[in-house]
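Report on one structure; see the data block that follows.
The values are calculated or read from the model by the stated rules, or taken from the named source; none is laboratory data. Owing to the predicted nature of the structure, the values given are computational and were not obtained by experimental measurement. Cβ atoms come from the backbone with ideal geometry, glycine included; neighbour counts cover every protein chain shown.
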Amino acid sequence: MTAPKQPKIIVPWWQDGNTTSEETKEPHFLSKGVTAFFKLIKNWLLFPLSQTAPLTCSEPLLNLMAWDRDIKRFADESLALFRKRVQYAAINAKDAGSVAGFKEIFNRLDIGVVAFKERENALDWDICTIELTDGDISNNTKLIQTLIEQYGRTCRRYRFEVTYPSTLTIASGEFSHNFASFLAQQEKLIALTVKPTAIAHQQQIFIAAL
């Protein structure tokens, strides 16, 4: 609901009661009273428009809207939360058929879904797992149960997993190494002397390198 702002009534300086006198006179109080009167009239005119929004309407009319949108107030539900559920009733019903839409339903009511898993190998095909933080599931137990009953699929079973966020600090440092490869080689001379059996005198020397 948007409405034009009420213009400020400006009294001429010779009638404002301050400019030409040392004390506030009647024109100042007259302009102030006229401004308050028109502000009151404006609120009266805008009152019917404010009753069309669940977030601003009166509580009896809110209950009528909730009945029309199939929203039931559960025990100990705050009025602000009840107004939100009535406000988003239509779009929540539209989003109930998909995984992404199911997450949006929770987000509109300030519940963050960490993960939504379905058709897991270790579980039956009709079981869906909703992963939430420990704070969300402990502070909104009744609300979560109500959302599952109203927007959950009739052919699905839902279970919850709790996530405990923790902070892990890992120190880092620089390390390095180097290596060198050396090749050692040794040569050894071996002398072989063969005595000839013939008359002629011969000598052969073989050198083997290792």
Among (1) over 17 Å from ALA93 (Cβ atoms); (2) touching a strand residue (DSSP E or B) at 6+ places or on another chain (Cβ under 6 Å); (3) surrounded by 15 or more Cβ atoms within 10 Å (Cβ to Cβ), the one test that ASN140 misses: (2)
Some residue of the range 176-187 being surrounded by 10 or more Cβ atoms within 10 Å (Cβ to Cβ) and modelled with pLDDT of 80 or more: no
Qualifying positions in the range 56-69 - part of a loop (DSSP other than H, G, I, E, B) and either surrounded by 12 or more Cβ atoms within 10 Å (Cβ to Cβ) or in contact (Cβ under 8 Å) with a residue 40 or more places away in the chain (or both): THR56, CYS57, ARG69
Only listed residue being surrounded by 12 or more Cβ atoms within 10 Å (Cβ to Cβ) and at pLDDT 75 or above, chosen from ALA53, ALA36: ALA53
Positions within the range 100-131 being among the aromatic types (Phe, Trp, Tyr) and under 13 Å from the mean Cα position of the chain (by Cα), in sequence order: PHE106
Some residue of the range 10-31 being at pLDDT below 85, part of a helix (DSSP H, G or I) and either loosely packed, with under 13 Cβ neighbours inside 10 Å or charged (D, E, K, R) (or both): yes
Selected residue (criterion: nearest to ALA93 (Cα to Cα)) from residues of the range 143-170 that are part of a helix (DSSP H, G or I) and among the hydroxyl-bearing types (Ser, Thr, Tyr): TYR151
Residue within the range 64-78 that is touching a Ser or Thr at 6+ places or on another chain (Cβ under 7 Å) and either outside the structural domain of ARG159 (by TED's automatic domain parsing) or among the hydroxyl-bearing types (Ser, Thr, Tyr) (or both) present: yes
Filtered residue count, the range 110-136, keeping only those that are crowded, with 18+ Cβ neighbours inside 10 Å and either of a type outside the set (D, E, K, R) or not assigned by TED's automatic domain parsing to the domain that holds ARG153 (or both): 4
Test result for VAL86, under 16 Å from GLU161 (Cα atoms) and touching a residue at least 24 places away in the same chain (Cβ under 8 Å): no
